[in-house]
Amino acid sequence: MGWLVWMVETAMCLGAAFWVAAALYPDRGVLHRLIATLLVAPALLLVPMQALGLVGALRPVWLGALAPVGFVLAAAMASRHLGSERAWALARSDLGAPLRLLREAVREREPAVLTTGVALGVLLFAGLLVWLYRSWMWDPVWYHVPITAYAIQMGSLDWIDTSVPWTQSHPKNIELLAAWNCIFPLDNRLDDSSQLPFAVLGAAVTAAWAREVGARPAFAAGVGAAWMLLPPMFLQMWSTHVDLACGAFLSAAVFFLRERPTPRDRWMSLLALGLYAGTKMTGAFHLLLLGPWVAVRGGLELWHARGERWRRAGDLVLSVLALMAVGSFKYFQNLWKTGNPLWAFKVKLPLLGTELPGLFDPAVFYGSRPGESPLFFGSPGALMQLLRSWYVEQPVYWPDVRTGGFGPLFSWLLVPCLVWLAVELLRPRHWKTHLPILVLGLASLMVQSAWWPRFVMGVATAGLVALGLLQGRLRHMGPRLGLSLVFLALTAVTFWRGASVQVLQRDYFLFPRHFGVLLRSSPEQRATRQVMDWLWPTEWSERKERELQAGDVVVYDQSVVFLGEFFARDYRTRVEYVPSNEGVARYLARIDALKPRWVGVEGGSVAEYALKAERGAQYLFRAPRSGIVLYRMPR
């Protein structure tokens, strides 16, 4: 029943979001409406989830009742501007877009469109991997997936009492969207699914922008699909690492900021920035960075809105409130709880000369000297390290790609296109077209550790759009075909390098031993199989699922690393943090009060000895790659 509710309400959300998109952009193409749909839909989900979470009522029954109200209201407002007959006509037209694209590619003899088929296959395969694999990637099991699990367990967005600071402090949008996919069936099968739609968003923004700057439709579709085929993107799309969504949101925001100011583009750009800020703290930085541009555009809107300035001003305020509704919650909560909106990082306020409290100095954390900003290439040698990453260092193709850039396509074709674009700024007539592309590329790089491709996905968008602009400048069939073949060859090499490593390396996640077994596994076997050595061994994951009953408490202490492992696959247990380094008497008193069935405690500590000697705890196993040891408590 839970799966049915999830499918029906998700379909309702997508339908309402498309109706809003069609009402906003009835005169634009399918890509504009797709982009708007993929921005409006998460907002329609996040608003009721946050509203219920704030009052401690984030439960399936209440969410299932409240969320459709928002969907209906959104559709009703859209229907005032676009009747149902026109909306259905646009939907039928948009569904026919792939066939029209194929005809266009045949007519133009454009081979670049082949990447769209590969990208579709990769997207479907990524969905299959989400369905088959338990969450295994390092960062998700460490702190992303626990955010999802805690939201469902607590039924609220209250401050999480935990020793894992990133679970406590990070914005939650992607993890809450994962919670939407898990809360109705009460099954963690889709806890890594929430970035899949934003892979489509990033590709759609890239294709639409390339089309707008002159690329022919089939080639624009090809470069959009290539965005998904770059290793940092396709290796991360089936996890909650959040970087892929951030790259897509930033690209979408700048895409809607590039034309003459209009209310609909303002709404979409602010919504994209809000979703980004509510996903990762770099979103707050980019919001501040792009704020003057947004403000000037808002001022121009009001200036040209003669006779209706008050109404336009009200609309502007509503769009800012929409940004805050999807992007500001965690910053206000951090400020309220710690006095620092960007906690757990220490923050220095240059104008006031004060430092807001935090656990980590971001300068040291990201490689710059204490007190120096890691942003704007503040780390010593950051620019040279960036270039070495793109052109010298051997890539390591893990889902959180950190070295080796985006691959040959980016290094040898997209970067030269960006350089060409920058040189063309010497001709002022190109500023309107070229400058927003370069702004996206530069803004993407102005973050900590810009040499990590996972942090700067927007620069790949900029490079692909620049390539589309170059293709649009070529007037003859021969040069266009040559460019397309070079593009296809480099895309194939880039994709193969990232994909082949996953298949051939024994310890990587697509090794046939894991994939074949999981393809034949039951849901219980899928949820407990140890596919990487930092996950709990299969035997103990199976015991956790068999032994622990609804309402049973599982305790961990400050020695935990991979917190996601402590939650049952159907969220029936309660996971609690009890520090063991604040005195044995206090620790045992908390254990006695909670009456846990399983306890994780730091191995070799006084608390571990006390659990065994004074409470009769039975040793189970030591968690891999962690100092925490699991015990079963007597009833």
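The values are calculated or read from the model by the stated rules, or taken from the named source; none is laboratory data. Keep in mind the model is a prediction, meaning the values are calculated, not measured. Cβ sites come from the backbone with ideal geometry, for glycine too, and all protein chains shown count toward neighbours. All accessible areas refer to the heavy atoms of the entire protein, side chains included, with ligands and DNA or RNA removed. Shrake-Rupley method; radii C 1.70, N 1.55, O 1.52, S 1.80 Å.
See the values below:
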item	result
Computed P(r) (all Cα pairs; segment 473-626; 10 Å bins; percent)	9, 28, 23, 14, 11, 7, 5, 2, 0
Given [x] 82, 57, 56; [y] 93, 48, 47; [z] 99, 52, 52, the label whose value is Cα extents along the principal axes in Å derived from this model	[x]
Reachable lysines, given that their alpha-carbon falls under 22 Å from the alpha-carbon of Lys280 and they are not under 8 places away in the same chain	Lys172, Lys330, Lys337, Lys346, Lys348
Cα-based shape type of segment 189-265, given that a ≥ b ≥ c are square roots of the gyration tensor eigenvalues and the cut on a/c is 1.5	oblate
Cα convex hull volume per residue for segment 267-340 (Å³)	86 Å³
Local electrostatic count, Arg312, Cβ distance below 11 Å [Lys/Arg +1, Asp/Glu -1]	+1
The chain - percent of accessible surface contributed by carbon and sulfur, probe 1.4 Å	65 percent
Degrees between helix 584-594 axis and first principal axis of the chain (Cα, 0 to 90, nearest 10)	80 degrees
Spacing of the two label points (7 Å from each Cα toward its C-beta) at Arg429 and Glu393, in nm	4.3 nm
Kirkwood Rh in Å, taken over all unlike Cα pairs in segment 16-174	18.9 Å
Peptides ranked, highest mean first, by Cβ atoms within 10 Å: ranges 386-397, 147-158	147-158, 386-397
Accessible area (Å², 1.4 Å probe, nearest 10) - Met532	20 Å²
Protection proxy ranking, peptides 162-175, 34-47, average beta carbon neighbours within 10 Å, highest first	34-47, 162-175
Potential extension, Val69-Leu54 segment - 0.36 nm per residue separation minus Cα distance	3.6 nm
Helix-only [θ]222 nm of the chain, DSSP H runs n ≥ 4, -39500 (n - 2.57) each, per residue, nearest 500	-19500 deg cm²/dmol
Per residue solvent-accessible surface (Å²) - segment 155-216, probe of 1.4 Å	20 Å²
Fully extended contour minus Cα-Cα distance, from Glu259 to Met477, at 0.36 nm per residue	75.5 nm
Label-zone membership for segment 66-98, site Met1, 7 angstrom Cα→C-beta point, backbone N under 16 Å	none
Percent RCO, i.e. relative contact order, over segment 1-124, from Cα pairs under 8 Å lying at least 6 residues apart	29 percent
Calculated FRET efficiency for the pair Asp552/Tyr609, C-beta based, R₀ 30 Å, to 0.05	0.80
Cβ-derived FRET efficiency at R0 51 Å, Phe332 paired with Asp533, nearest 0.05	0.85
Between 0 and 90°, nearest 10: helix 84-95 axis offset from the chain longest Cα axis	90 degrees
Contour minus Cα-Cα distance for Asn581 and Trp131 (0.36 nm per residue)	158.1 nm
When the convex hull of its Cα atoms is projected in every direction, mean area for segment 159-234 (nm²)	7.4 nm²
Peptides 221-230, 612-621, 109-118, 577-586 ordered by average Cβ neighbours within 10 Å, highest first	221-230, 109-118, 577-586, 612-621
Approximate spin-label separation Met77-Ser522, in nm, with each point projected 7 Å along Cα-to-Cβ	4.8 nm
Val423, Val145, ranked by accessible area, largest first (probe 1.4 Å)	Val423, Val145
Relative contact order for segment 530-612, counting Cα pairs under 8 Å that sit 6 or more residues apart, in percent	31 percent
Segment 420-506 - accessible surface per residue (Å², probe 1.4 Å)	44 Å²
The chain, relative contact order [Cα under 8 Å, separation at least 6], %	14 percent
